[in-house]
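Every number here is computed from the coordinates shown, using simple stated rules; none is lab data. Note that the coordinates shown come from a computational prediction; the quantities given were computed from them, not determined experimentally. Quick reminder, even Gly has a Cβ in these numbers, built from the backbone with ideal geometry, and neighbours come from all protein chains shown.
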Amino acid sequence: MVDYREKLVEKRLRSISQVVMVTGGKGGVGKSLIASTAALLLSRSSNRTGLLDLDLHGPSSCFILGVKEAPVESEEGLVPPVVEGVKVMSIDLLARGKPLPLRGHAKEEVVKEMLALTAYGELDYLLVDLPPGTGDELLTVSRYVRVNGVALVVTTPTQLAVNVARKVVEILSSIPVRIAGIVENMSGGGATSPSRDLAREMGVEFLGSIPYDLALNSLVGKIGGRELLSTNFAESLSYILKKAGFKIT
Ligand SMILES: Nc1ncnc2c1ncn2[C@@H]1O[C@H](COP(=O)(O)OP(=O)(O)OP(=O)(O)O)[C@@H](O)[C@H]1O
Ligand SMILES: [Mg+2]
């Protein structure tokens with residue numbers, strides 16, 4: 001049977017100049033905070049920006065950005081709520097905060113539905129927040145964004161995180177998805193780090209480091225998008241996005 005969603009997804013993605021997948025092998029390295037803050041920074045620089053939270057089991061973007069409104073049904077599809085200019089869609093908004101016992105094929109279906117139904121309209125950037133690892137969410141979205149997709153691989157200056165990030169780089173290269181570069185989060189500021197070594201080893205650009213900021217950690221979820229933009233975290237990320245060639249002014 002023909003799956004009409006495939007055509008719809010392709011049509012929707014044709015209206016989006018660049019899809020930026022925020023990925024990284026290990027959990028808790030800061031992918032969601034980076035995806036959400038990058039969306040805010042790109043929107044502040046007058047880019048039409050969307051955020052798609054594809055972490056089906058541990059969605060975080062809505063908590064980070066303080067988004068609660070459900071998407072609105074229209075003839076165009078589901079119109080996502082907007083925060084600081086960023087159009088935000090997450091499974092958390094569709095499932096109204098309830099956990100979803102999804103696995104395997106069902107996860108692929110949900111990713112496809114979200115891509116097919118969300119009416120982002122014309123966008124310069126769509127940031128995609130992914131769960132850790134190289135599972136259904138990454139593989140499904142990668143299939144659709146081969147032309148206009150790039151990946152930011154997030155890691156920390158630990159050998160544990162870097163070992164898993166290497167696997168993500170290998171998988172992305174084999175699909176292939178273009179890798180914009182490696183971002184080291186929670187950095188201690190040393191001149192050398194396993195993340196830099198990984199970038200050199202894999203022939204991928206090292207985009208820079210974001211320092212660990214104890215104060216920030218306790219603020220996440222309590223501050224809104226505008227306050228998040230004025231953190232040192234956002235400032236460091238802004239340099240990284242510029243280095244990766246994103247339109248940040
Ligand atoms: N540079 C940083 N300094 C301090 N805390 C940070 C920093 N980056 C992220 N955090 C904190 O680390 C925790 C994990 O961040 P986040 O949820 O963004 O990681 P993740 O990679 O998306 O996790 P998951 O793999 O579960 O999706 C959060 O509490 C976040 O506030
Ligand atoms: Mg996350």
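One table, with the values for the structure above:
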| read-out | value |
| --- | --- |
| Assigned charges on the beta-carbon of Lys, Arg, Asp, Glu; the chain dipole about Cα centre (debye) | 300 |
| Which listed pairs, of 31/68; 167/222; 26/247; 107/167, have C-alpha distances above 30 Å, in listed order | 167/222 |
| Longest exposed-site-free window of the chain, the sites being trypsin sites (Lys or Arg not before Pro) in a DSSP loop that have at most 16 other C-beta atoms within 10 Å | 147-221 |
| Residue-wise HN-Hα coupling along segment 81-88, computed from phi with Karplus coefficients 6.51, -1.76, 1.60 (Hz; x: Gly, Pro) | x, 10, 10, 6, x, 9, 7, 10 |
| Spatial separation of Cα centroids for segment 165-236 and segment 21-100, in angstrom | 18 |
| More than 33 angstrom apart: percent of Cα pairs within segment 4-243 | 11 |
| Length added when fully stretched, residue 200-residue 214, from 0.36 nm per residue minus Cα-Cα | 2.1 nm |
| Projected label distance in nm at residue 235 and residue 5, using a 7 Å step from Cα toward the beta-carbon | 4.4 |
| Kirkwood-based Rg to Rh ratio, segment 162-216, C-alpha trace | 1.02 |
